[in-house]
1. Being of a type outside the set (Val, Ile, Thr) and surrounded by 15 or more Cβ atoms within 10 Å (Cβ to Cβ) is the filter; apply it to region 18-35 and report the residue that is nearest to GLY75 (Cα to Cα).
2. Of all residues in region 13-40, which are modelled with pLDDT of 85 or more and within 21 Å of LYS122 (Cα to Cα)?
3. Specify which of the listed residues (PRO111, PRO81, PRO53) is surrounded by 15 or more Cβ atoms within 10 Å (Cβ to Cβ) and of a type outside the set (Gly, Ala, Ser).
4. Can you pull out the residues in region 163-191 that are touching a residue at least 40 places away in the same chain (Cβ under 8 Å) and surrounded by fewer than 16 Cβ atoms within 10 Å (Cβ to Cβ)?
5. Would you say ARG38 is under 13 Å from ILE106 (Cα atoms), surrounded by fewer than 17 Cβ atoms within 10 Å (Cβ to Cβ) and not aliphatic (A, V, I, L, M)?
6. Kindly list the number of the only condition in (1) over 26 Å from LYS18 (Cα atoms); (2) of a type in the set (Phe, Trp, Tyr); (3) at pLDDT below 95 that fails for TYR151.
7. If I ask for residues that are in contact (Cβ under 8 Å) with a residue 60 or more places away in the chain and among the aliphatic types (A, V, I, L, M), which ones from region 61-72 would you list?
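The values are calculated or read from the model by the stated rules, or taken from the named source; none is laboratory data. Just so it is clear, the model here is predicted, and its values are computed rather than measured. A quick note on method: Cβ atoms are made from the backbone with ideal geometry, for glycine too, and the neighbour counts reach across all protein chains shown.
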Amino acid sequence: MAHGPNYKVKFRRRREGKTNYYRRYVYVVNDVIRFVPRITNEYVIVSIAKFNPKGDEMLAVAHSIELAKKFGWKGDTNNTPAVYLTGYLAGLRALKAGVKNVAADIGLFVPVKGGRVFAAIKGGIDAGLEIPIGELGDIDDRIKGQHIAEYAKKLQSENPDLYKKLFSRYLSRGLSPENLPQHFEEVLKKIKEVGS
């Protein structure tokens, strides 16, 4: 640890890698409602947050585990299609709560073209939210899980043992990974029917 008069200890949440205080300051000063996607090792949480001095107020929240419990999602709960669906669900809930304009808050995530965070943002935009963001690129095939289906097809023909190992969760839930794009469309249709 450094010593001396020039050493400054950063805020705890910055040291833990949880908060970018420069961006947060900009959001607070401008009184912006934020679209906050957070991706963990297992799940995705998308929330619509508003600053409150006592702690951020959550106007709408969607968790990817809801996809499995309420809408019959059989895929992973943190892959690109699940992130998009969770963002879409959060967007519908935000509209129901009367929120239309939000700003994307990706936190300390380093933006990568075609990344999962942008799938969540695209889900919010497709649900009807107005999120000012640059070009998202061509991520439509990734959102539907086409890349996963193609990889599964290739792997099944080349190495069936590895296929069973890598896609064991899909297979145990009764979903063939090659059919992920069709399953995605079914779940998206259910979410649209229910509304939120």
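1. Of region 18-35, the ones of a type outside the set (Val, Ile, Thr) are 18, 20-25, 27, 30-31, 34-35.
Remaining after also requiring surrounded by 15 or more Cβ atoms within 10 Å (Cβ to Cβ): 20, 23-24, 27, 34-35.
Numbers: ASN20: 32, ARG23: 34, ARG24: 33, TYR27: 34, ARG34: 28, PHE35: 24 Å.
For region 18-35, the residue satisfying everything is PHE35.
2. Scanning region 13-40 gives VAL32, ILE33, ARG34, PHE35, VAL36, PRO37, ARG38, ILE39, THR40.
3. PRO81
4. Across region 163-191, the qualifying residues are ARG169, ARG173, GLY174, GLU185, GLU186, LYS190.
5. Answer is yes for this residue.
6. For TYR151, the exception is condition (3).
7. Once the filter is applied, which keeps residues that are in contact (Cβ under 8 Å) with a residue 60 or more places away in the chain and among the aliphatic types (A, V, I, L, M), region 61-72 yields only LEU67.
The rows are residues; the columns are (1) closer than 22 Å to TYR43 by Cα; (2) touching a residue at least 12 places away in the same chain (Cβ under 8 Å); (3) charged (D, E, K, R).
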{"site": "ALA82", "(1), (2), (3)": "yes, yes, no"}
{"site": "ILE143", "(1), (2), (3)": "yes, yes, no"}
{"site": "LYS153", "(1), (2), (3)": "no, yes, yes"}
{"site": "ASN159", "(1), (2), (3)": "no, no, no"}
